[in-house]
Structures are given as C-alpha cells and as structure tokens.
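The structure appears right after this line, and notes come after that.
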Ligand code: AMP
C-alpha cells in the first residue's frame, strides 16, 4: 500500500508515520528527513539545499523527485511506502503518479490532517523550544506555512479528483487520529 500523509508543517504527519512504521512495518519516506540527513553528512546536496531550507522555502521539485525515485525499488520490495512531506507541489504529485504507475502501483490512500493555524503555531513553538530545529523559529515557520498554502494546498483538489483522500481532524488526541487513519486505510484498501 502507498499512503500519503498530507498536511501543513506541525500537523502530526511524522508522529503518525512513525506509529505506522512501528505497528505495520511500513517504510516511511520523509523528504525533510532525507534532506536534513544530506546536510548532516556534509554532502554536496546538503550544501545546495541548506540556504533554501533554512529560509523555509521549498527545495526544487527535481531534487526531491530524484530522492524519492531512488527509494522506490526498496519500498516496492516491502509492499509500499508512507510518503511524509512529499509530494508538496502538483508537479511532485504528477511525478509520483508516473513513477508508481511505471511499477504497476498507485497512491492508494491520502490522509489529510487538518489543524488550525493557532494550534500549528503553538506546536511548532514547543518543538522549537524542545529541539531547536532552525526552520521552526517563528519567522521561518511563517514562511513554511505560506509555502504550504500557496504551493501544497492545491494538492487537495488534485487528490479529491485522483485518489482516495480522507480528511481527519488533526486536533484530536493522537490515539483518536491513529484510529481514524486505520479506518481510512481499510476503506481505501477495499476500493477497486
Ligand atoms: P519537513 O521536515 O517535511 O517539514 O521539511 C523541511 C524542509 O525540507 C521544508 O521546509 C523544505 O525546505 C524541504 N522539503 C521537504 N520536503 C520537501 C518537498 N517535498 N518539496 C520541497 N521541499 C521539501
């Protein structure tokens, strides 16, 4: 099964992806984690994306599509993936559809976590205090939310048209969100 966890930064995508990995042995593909890892290892890619990420903007479609494409053989063998933080633009969504189609696969389910702005700000302020991730600082976070609204939110109509998308209240307690995701996955899996 290929699942997209969709929503603004701070919606809880990473938390839910990690739970699915633990409970179902699924593979998580987080482009944010891959890009941060590239920076930690000091690779050429890491150096190229640092400024853009620190400023809260999206890195180029080409870079993240390549990162995902490189992983699909492995996720194929493991029965699919959880895409966390990818796709973030319509061009990325179209590329993912093409890459999966070439493997006889598809996006089986899109889970949209809906959280209001004030709650997002509060969650990220807490994460900034706890972890000190540079792009969680309040100014940069505004840019990231703005990038979400302008570039990523247009994927909602895209997946309403092309896929099995379920909206879930991401303000609910983590266990309730988890239960609703499980139900949505069953529902989408039953779809022909
Ligand atoms: P995240 O950890 O998913 O919030 O991503 C952190 C940062 O990595 C984002 O603010 C972007 O700069 C970059 N990034 C991660 N995933 C993508 C993507 N799919 N497209 C473009 N930029 C991305």
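The values are calculated or read from the model by the stated rules, or taken from the named source; none is laboratory data. Owing to the predicted nature of the structure, the values given are computational and were not obtained by experimental measurement. Every residue, glycine as well, gets a Cβ built from its backbone with ideal geometry; the counts of neighbours run over all protein chains shown.
Of the set (1) loosely packed, with under 12 Cβ neighbours inside 10 Å; (2) at pLDDT 95 or above; (3) more than 18 Å from residue 36 (Cβ to Cβ), all apply to residue 130 but (3). Inspect region 18-31 for any residue being in a loop (DSSP other than H, G, I, E, B), under 11 Å from the mean Cα position of the chain (by Cα) and more than 10 Å from the ligand (Cβ to nearest atom) and give the result as yes or no. Among the residues of region 18-31, not one is in a loop (DSSP other than H, G, I, E, B), under 11 Å from the mean Cα position of the chain (by Cα) and more than 10 Å from the ligand (Cβ to nearest atom), which makes the answer no.
Among the residues of region 161-182, those identified as free of Cβ contacts under 8 Å to residues at least 24 places away in the same chain and not in a helix (DSSP H, G or I) are 172, 173.
The residues on offer are 84, 61, and the sole one that is touching a strand residue (DSSP E or B) at 6+ places or on another chain (Cβ under 6 Å) and near the ligand (Cβ under 9 Å from one of its atoms) is 84.
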